[in-house]
Every structure is written in structure tokens, then in C-alpha cells.
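Below is one structure; the comments refer to it alone.
The values are calculated or read from the model by the stated rules, or taken from the named source; none is laboratory data. What you are looking at is a predicted structure, and each value in this text was computed from that prediction instead of being measured. Cβ placement follows ideal geometry from the backbone for every residue including glycine, while neighbour counts extend to all protein chains displayed. Ligands, DNA and RNA are excluded from the accessible area calculation, which covers all protein heavy atoms including side chains. Shrake-Rupley method; radii C 1.70, N 1.55, O 1.52, S 1.80 Å.
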Amino acid sequence: MKNQKNLRWWIVGTIFLATTINYIDRQALSVAAPVMRKDLNLSNEQYSWIVSAFLLSYTIMQIISGRLIDVLGTKKGFSLAIIWWSIANMLHAFGKGMLSLGIFRFLLGIGEAGNYPAGMKAISEWFPKEERSKAVGILNMGPGLGAIIAPPLLAWLILSFGWKMAFVVTGALGFLWLLLWRWIYYEPEEHPRISKEELRLIQAEKQVEQKNEKLPWLHYFKYKEVWGLALARFISDGAFYFFVFWLPSWLADEKGFSLTEIGMFAWIPFLFSDIGSFIGGWTGEKLISKGFSLNASRKWVLWIGAILVVPVLGCLYVESPYIAIALISISLFATQFKQSSLFTLPIDVFSKKDAASIWGITGSAGSFGAMLFTPIIGWLVDTISYSPVFIIVAFLHIISALFIMIFIPRIQPIFNNK
């Protein structure tokens, strides 16, 4: 078979598709929520506990799946993850109430937790450091595209066939992706279609990293960089999940949107989140090419994004739902602009041998923070309103960036300074 030029970009494109499917599956519940809550007599607080069941297993399993993928390898580990989460998503069609949906949601989180550790490990295996922020930016467009596709697709499925079919159809997408993954992914040295030039580029990077032995798992926690990354994710991930899981309900409850209108408009902020992710990754690479240090380029992107989230507070003062959607769009653009840098830091600081494990630890911290935040959202919405939630969300990313400044005063490979 003919060698493929720039095969690494086809690899990251495939991972991007998996992440898109991951978030379509994840958003099936949030788009169906206005209908399901009425059909199954669920309160906002009960819905929040169903969401928290997903985040609980996601929190636990990101640590475990990160280590498991380091052991099993990227190809096999990713395959097992998507098989599990696709089946778990289909099981939602059998949900009868809070308990059964909570169980199925818990199972979904177990499988979906493998997506990012596997994706980040693949990037660390295939990309030199100067290209990683762009690769992560492309990967991190998956949540946005998933959230763009989900509202119109799921609204159509629900209106045409009922909410149960929404979970069956979206769950089946993972098995189609699995065929592509098994065909396209190998480690660079084993890939039958890699060019000699691309292999030399990748191996030149690995010659530096291969000098370093993989760290024992508990040893990671001796490094302040791990704590900084974990705390930054703990604080900020819940802000993004608020829009992923609650935007359709907010549009229905506060702006009077029908399911059809949710399908027409709820995807728009996530289009901007995708644009932010790509531009953030591109900006990080461009700054390095212009002579900025790794430390400076990453932190400029972090702070620009964190500050641009704050205008979402305007949603508390505008009557027009369309202006509110525009403000949320700016916020999600800024969120993913920032996250393109934050999500790259584990593979900037640690070697590829530790990539999935470090991502698992920090991702788990982010999911744990979101898990704690979600019941608070449900309680605030039921007892007060959405207003305090928007206030909290507006400033979480600034606190996240501060943790990076405190715990990682200089971003550089850890094996060079420890």
C-alpha cells in the first residue's frame, strides 16, 4: 500500500471523530432531558444526580483508564473504551427513572473516561512538541462538534421516533468508528503506510524522551506540576459541563424554547467552542514559531481565554435569548481557546511514557470538580435560579489559570529540571 504523507494528521483526525461521537453520546441525555423529565417525572435535582453518576464513574475511571491505556497500548485501549461506552449509551433506552438512568449513566462514564487519555497518548506518540498544541486543539474540537451535531440530530430523532431511539442510534456510531480505528492506527514504527520522512521527524523527538524511565504511579503526586494541573482542571471543568448538560434545559426553562427551537439554536455556542479550540491550538504553535518560549506561549493562551469567559455574566441582564446565546458562544470560544493550552500541559511537562497516566489524574480531578458542582447547580436552579450559576461559571477559569501560575511557574519538560 502506498505511503501516506502527514499520516499523523490523519491519526489526530480519527481521534477527533471519536471525541465527537463521545460528546454526541454524552449530550443525548441533555437534549432529551426536557422530554424525559416530563415523561419520567424527574426534578432538576434528580436530573443533576443522574448527571453526577456519570461524573462519578468518569472521575474514578480516568485515573484507572489512563494507567490501563499505558499498559494495554493506545490501539487496544481505545478500542475497548469505545465498545464499552457505545453499549452503555444504548442501555439508556431502557431507563425507567432516576435509579436506572443513574446506573446506565455510571456505566457510560466508565467507558467514556478512556477517550482523552488514549487520545493524548496517541498525540504524544505521533507529534513533536511544537505541533502538539495544534493537535490537541483539533482533538478538543470534538466536544464542540459533538455538541453542534447533537441538538438537531437528537431533536429530530426524539420528535420522529421518541427519546429512547436517540440513545440507540447515537450508541451505534461508536461501532462504525471502531472499524476505522482498527484500520488506521499503529505506533509510528509499526505503521505500514508511514513515510520515511515522517518517521524520522517523530523518532527525533522520541530520542530525547526515551532516555527517561516511566515513573511509578504514586510518584506522580510528588510533583507540584501534577497538583497544579489537577487543581486547574478541578476548578474549570464544571464550567464547561454546565453548558454541555444544562444549556437545553436553560433554554427551555428560562427562554421558553421548544424542542424544535433547541435543535435549531443550542448547537451555535458549541460551534464557537470548536473555533476557539482550533484557534487556541494554532495560536500556541504560532507564538512558539515567532520565538516565544513554551512557557510564555502556553500562558498567554491560558489567560486570554480565562478573561474572555467573563462576559457570560451578561446573560443575567439581557432579555433576548439570541443575545444570550451570543454571549454563551463567546464564553465557550474562550473556554476552549484556554483549554487547548491547559490540555496540552501534561504532555508538555511529562514524557510520552507517562502521558495517559498524567492525563488520567488531571482529567479525573476535573470530573470530580464537575461532579461536586452538578448537584449544586440542580439545587441552585430549584431553590433560587440559574443566576448564581452563571456568576460562578464566569470566574472559574480565572481561578484555574491562577493555579497554573502558582504551581507551574515555568512550563518546561520535567525531566530537564528535576
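Observations, loosely collected:
- Residues (closer than 22 Å to Q339 by Cβ and open to solvent by 10 Å² or more (accessible area, probe 1.4 Å)) located in the range 260-272: W267, I268, L271, F272
- L396 meets the conditions (1) modelled with pLDDT of 85 or more; (2) open to solvent by less than 10 Å² (accessible area, probe 1.4 Å) in every case but one. The failed one is (2).
- Leading residue by the ranking (least open to solvent (accessible area, probe 1.4 Å)) among those in the range 295-337 that are among the small types (G, A, S) and closer than 17 Å to E130 by Cα: S297
- In the range 1-41, the residues that are closer than 20 Å to Y185 by Cβ and among the small types (G, A, S): G13, A18
- Exactly one residue among I149, I138, I158, I123 is under 16 Å from the mean Cα position of the chain (by Cα), under 18 Å from Q27 (Cβ atoms) and assigned to a helix (DSSP H, G or I), and that residue is I149.
- Any hit, the range 317-337, residues being out of contact with any Asp or Glu (no Cβ under 6 Å at 6 or more places or on another chain), in a helix (DSSP H, G or I), of a type in the set (A, V, I, L, M, F, W, C) and more than 21 Å from I148 (Cα to Cα): no
- Hey, G137 touching a Gly at 6+ places or on another chain (Cβ under 7 Å), surrounded by 24 or more Cβ atoms within 10 Å (Cβ to Cβ) and without any contact (Cβ under 8 Å) to a residue 60 or more places away in the chain or not: no
- Qualifying residue in the range 285-294 (condition: within 22 Å of the chain's Cα centre (by Cα) and either crowded, with 24+ Cβ neighbours inside 10 Å or closer than 21 Å to F395 by Cβ (or both)): no
- The lone exception for S340 - which of (1) in a helix (DSSP H, G or I); (2) open to solvent by 10 Å² or more (accessible area, probe 1.4 Å); (3) at pLDDT below 90 it fails: (2)
- Cβ-Cβ distances below 9 Å connect the following pairs, each with a first residue in the range 171-191 that is in contact (Cβ under 8 Å) with a residue 24 or more places away in the chain and farther than 20 Å from W85 by Cβ, a second residue that is in a helix (DSSP H, G or I) and open to solvent by 50 Å² or more (accessible area, probe 1.4 Å), and a separation of six or more residues or different chains: P188/Q203.
- Residues that are in contact with an Asp or Glu (Cβ under 8 Å, 6 or more places away or on another chain) and closer than 24 Å to F242 by Cα, drawn from the range 55-80: Y58
- Looking across the range 343-371, the residues that are more than 16 Å from G228 (Cβ to Cβ), among the hydrophobic types (A, V, I, L, M, F, W, C) and either in contact with a Cys (Cβ under 8 Å, 6 or more places away or on another chain) or open to solvent by less than 10 Å² (accessible area, probe 1.4 Å) (or both) come down to A355, A356, A370.
- Unique residue being more than 23 Å from the chain's Cα centre (by Cα), without any contact (Cβ under 8 Å) to a residue 40 or more places away in the chain and not in a loop (DSSP other than H, G, I, E, B) when the list is P388, P409: P388
- Residue in the range 348-360 that is of a type in the set (V, I, T) and farther than 28 Å from V51 by Cα present: yes
- Of all the residues in the range 375-385, those that are in a loop (DSSP other than H, G, I, E, B) and crowded, with 19+ Cβ neighbours inside 10 Å number 0.
- Meets criteria (open to solvent by 10 Å² or more (accessible area, probe 1.4 Å), modelled with pLDDT of 85 or more, under 23 Å from T374 (Cβ atoms) and within 15 Å of the chain's Cα centre (by Cα)) for F257: no
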